[in-house]
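To start, I am sharing the structure in question, which I have written as structure tokens.
The values are calculated or read from the model by the stated rules, or taken from the named source; none is laboratory data. Since this is a predicted model, take the numbers as computed values, not measurements. Counting neighbours? That spans all protein chains shown, and the Cβs are built from the backbone with ideal geometry, glycine included. We work out accessible area using only protein heavy atoms, side chains counted, and drop any ligands, DNA or RNA first. Shrake-Rupley method; radii C 1.70, N 1.55, O 1.52, S 1.80 Å.
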Amino acid sequence: MTAKYAFINSEEGNYSIRSMCRWARVSRAGYYEWLNRPVSVTQRWRDELGDFIEVLFADSDATYGYRRIHAALVRAGRPCDPQTVRAIMAERGLVACQPRRSGPRTTIPADAKDLPDLVNRDFTADEPGLKLVGDITYVPTWAGMAFTAFVMLLPRSDDHRAQERGNTASSSSSQGCRSQPWPATQSRSK
């Protein structure tokens, strides 16, 4: 009945009370009795609990769900049912921020010590295209994980030394990868 009475109350200016009560099959006397009824003890308790839940939710930076909020209420001396907390949070639109699902992790195998260091920790090259380094990463998307591979040209050794001194060649790119144009056999795309 309360839902019908609340609906009639929300539409009061649009239609007559008499017509709405007839359409909802409720008595006008019952509607007016509901309208003038004081707030119940249960509703006052739920309102106070809801205010306290909102404070706890804001203090958690919107990360606590109903289980953690319930545990915090019990610790604060306000025991209640977890489903009550869940219902109040739903009524007030409090939705916890869900943590991201952990994606693949890069792991270093135990036998990594045996892998050779092919560039000997020297990240410079004598000519373009001589040394390339790459990496792969995982990017979370709405459709799932996307795998992205990166390949970088290492800067020429003389460009690298010039940048360390602060003297960059005028034709160097902002990354300082090369000071000479590419050979004609290789394509260059941006």
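Cβ-Cβ below 6 Å, separation at least six or inter-chain, first residue in the stretch 60-89 and closer than 21 Å to Gln43 by Cβ, second among the charged types (D, E, K, R) and not in a loop (DSSP other than H, G, I, E, B): which pairs?
Between residues of the stretch 60-89 that are closer than 21 Å to Gln43 by Cβ and residues that are among the charged types (D, E, K, R) and not in a loop (DSSP other than H, G, I, E, B), the close pairs are Tyr66/Arg86.
Since Gly65 meets every condition but one in (1) open to solvent by 80 Å² or more (accessible area, probe 1.4 Å); (2) under 14 Å from Leu94 (Cβ atoms), which condition does it not meet?
Of (1) open to solvent by 80 Å² or more (accessible area, probe 1.4 Å); (2) under 14 Å from Leu94 (Cβ atoms), only one is false for Gly65: (1).
Here's a follow-up. Hey, among the residues in the stretch 117-129 that are assigned to a loop (DSSP other than H, G, I, E, B) and open to solvent by less than 100 Å² (accessible area, probe 1.4 Å), which one's farthest from Met152 (Cα to Cα)?
Narrowing the stretch 117-129 to residues assigned to a loop (DSSP other than H, G, I, E, B): 117-124, 126-129.
Checking which are open to solvent by less than 100 Å² (accessible area, probe 1.4 Å) leaves us with 117, 119, 122-124, 128-129.
Details: Asp117: 17, Val119: 13, Asp122: 14, Phe123: 11, Thr124: 11, Pro128: 11, Gly129: 9 Å.
My answer is Asp117.
So how many residues does the stretch 1-23 have that are closer than 27 Å to Ile88 by Cβ and open to solvent by less than 100 Å² (accessible area, probe 1.4 Å)?
The number of residues fulfilling the criteria is 10.
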